[in-house]
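So the structure is just underneath, and the comments pick up after that.
The values are calculated or read from the model by the stated rules, or taken from the named source; none is laboratory data. Here the structure is a predicted model, which is why all the values come from computation and not from measurement. Virtual Cβ from ideal backbone geometry, glycine too; neighbours counted across all protein chains shown. Surface accessibility is based on the protein's heavy atoms, side chains included, excluding ligands, DNA and RNA. Shrake-Rupley method; radii C 1.70, N 1.55, O 1.52, S 1.80 Å.
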Amino acid sequence: MTAERGAPVRLSGEYQGRPGAVLARLQELYPALIDLSLGRLEALLAKLGNPERHLPPVIHVAGTNGKGSTCANLRAIAEAGGLRVHVMSSPHLVSVTERFRLAGRLVDEDVLVAALEKVEQVNAGAPITVFEVLTAAGFLLFSQVPADLVVLEVGLGGRLDATNVVPKPAACVITPVSLDHEAFLGSTVAAIAGEKAGIIKEGVPVVSAAQIPEALDVIRRRASELNAPLRVIGQDVVFTERADGLEYRDADGVLSLPLPALKGQHQAGNAALAVAALRVSGLGLPVSAYQGISRTFWPARLQKLDGTLAQMLPAGWELYLDGGHNPDAGQVLGTVLDGWKDRPVHVIAGVKQTKDASGFLKPIVERAASVQAVAEPGQHLAMPVEEIIAASGGRAIAGPTVREALERLVAEGGAPARVLICGSLYLAGVVLAEDGWVAR
């Protein structure tokens, strides 16, 4: 699988400073034609002593939507059970250090720079992508710092993703699959599911979210071919959401769980997916650990802001941020808006150029009191405001920036309302930085 040279990782803003200097040099080593394969990374890792073979147990997470939330739940549960947890996730929002947690703590910038420089030295000028370099640096760090678990999030796809060099995870997880990154992964849900199912390994237990039939058929077939025990949410794993918590049931028994800390009706499924993955992983967590879903935090997932931007709004107003950006995420946010009918909801939307803006916006604009289209100056590959307005069916007006959109809402006044900023993780990064958020 090949693709024309592009810029999969931003090299501005948060890449200023010492990490940015290393990554900017490595950006120049991008192949003219990027072949989505594992050969370059495997050669680099061999020169580093194959750190990917010297890791604590790994839970590998692929899918279209909900990967980050599921990984955050995995970490919260494992840490509630007393485990030290490494995490590799992508993309970051404000700082590249967000991509790596070492035994529960964000990587120190100096430690990350040292790992990147080591990878750069060993790579010796060979063609490489920045994501491959970041993945190699993560594996190097994870092999050097003691921990009990690695939570490993796929970057793109699964089968040919750089993270898929891990030989035998403790468990594999596939979150809901839908259309996204079609240029790389295929134009049908079945084709994309095939790429996601590429993380499944011989005999390794797999947990899948509830899927549409064409996706589940592909996942089930791949698991069968590799003798990988499969549990599917909604079939082999059942949960019931009540006002005060979740009742969870699988082949290992029943759990009484608290409500997930992450907001939105879809988050119960992400929490159940994490619980199921840890139950099949063989890590032997105490039952009490699963209460950890009540303490999960993951930025830009219906995150309520309380910093500089939020303080622009009148008393009683609320400001939320969500990084969802494809049609399925739009449907999820539409459901969220259905639950927010106690007050008006004003939407501020910014979308990445390559995304299906119309499919994302349709369920949202139908429910919003107003919609403003934005494109921040520092927003990577921001879709022009005029195109977002067209994608909204003419419903949206130009922000054209988040601050100007908020100022317009303040000037118009009215009863207390909710404001939802959404449409892009890149926009979310800009908004979090402007609001004063710092990852911890």
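Mind checking whether some residue in the stretch 170-181 is in a helix (DSSP H, G or I), touching a residue at least 40 places away in the same chain (Cβ under 8 Å) and among the hydroxyl-bearing types (Ser, Thr, Tyr)? First the steps, then the outcome.
Quick first cut of the stretch 170-181, residues in a helix (DSSP H, G or I) only: none.
There is no residue in the stretch 170-181 that is in a helix (DSSP H, G or I), touching a residue at least 40 places away in the same chain (Cβ under 8 Å) and among the hydroxyl-bearing types (Ser, Thr, Tyr).
Give the residue that is farthest from Ser178 (Cα to Cα), with candidates limited to residues of the stretch 213-223 that are touching a helix residue (DSSP H, G or I) at 6+ places or on another chain (Cβ under 6 Å) and open to solvent by 80 Å² or more (accessible area, probe 1.4 Å).
This residue is Arg222.
So, in the stretch 224-234, of the ones that are in contact (Cβ under 8 Å) with a residue 24 or more places away in the chain, out of contact with any Cys (no Cβ under 9 Å at 6 or more places or on another chain) and at negative phi, which residue ends up surrounded by the fewest Cβ atoms within 10 Å (Cβ to Cβ)? Quick ask: steps written out before the conclusion?
First pass over the stretch 224-234, keeping only residues in contact (Cβ under 8 Å) with a residue 24 or more places away in the chain: 226-234.
Pick out the ones that are also out of contact with any Cys (no Cβ under 9 Å at 6 or more places or on another chain) and you get 226-227, 229-234.
If we keep only those that are at negative phi too, we end up with 226, 229-233.
Values: Leu226: 16, Pro229: 14, Leu230: 21, Arg231: 21, Val232: 19, Ile233: 23.
That would be Pro229.
In the stretch 102-125, what count of residues is obtained for those that are open to solvent by 30 Å² or more (accessible area, probe 1.4 Å) and over 19 Å from Arg18 (Cβ atoms)?
Result for the stretch 102-125: 3.
Any idea which residue in the stretch 314-328 is farthest from the chain's Cα centre (by Cα), counting only those that are buried (at least 19 other Cβ atoms within 10 Å of the Cβ) and at pLDDT 95 or above?
Looking at residues that are buried (at least 19 other Cβ atoms within 10 Å of the Cβ) and at pLDDT 95 or above, I get Trp317.
Could you name every one of the strands (runs of 3 or more DSSP E) located completely within the stretch 244-333 that has at least 2 residues being touching a residue at least 12 places away in the same chain (Cβ under 8 Å) and among the acidic types (Asp, Glu)?
Working: elements: 245-250, 253-257, 303-305, 318-322.
So the answer is 318-322.
For the stretch 190-197, indicate whether the set of residues that are in a loop (DSSP other than H, G, I, E, B) and either modelled with pLDDT of 95 or more or on the phi > 0 side of the Ramachandran plot (or both) is non-empty.
Step one: filter the stretch 190-197 for residues in a loop (DSSP other than H, G, I, E, B), giving none.
No, the stretch 190-197 has no match at all.
If the Cβ limit is 7 Å and pairs must be 6+ apart or interchain, which residue in the stretch 200-223 that is touching a residue at least 24 places away in the same chain (Cβ under 8 Å) and on the phi < 0 side of the Ramachandran plot pairs with which residue that is open to solvent by 60 Å² or more (accessible area, probe 1.4 Å) and in a helix (DSSP H, G or I)?
These pairs meet every condition: Ile200/Arg222.
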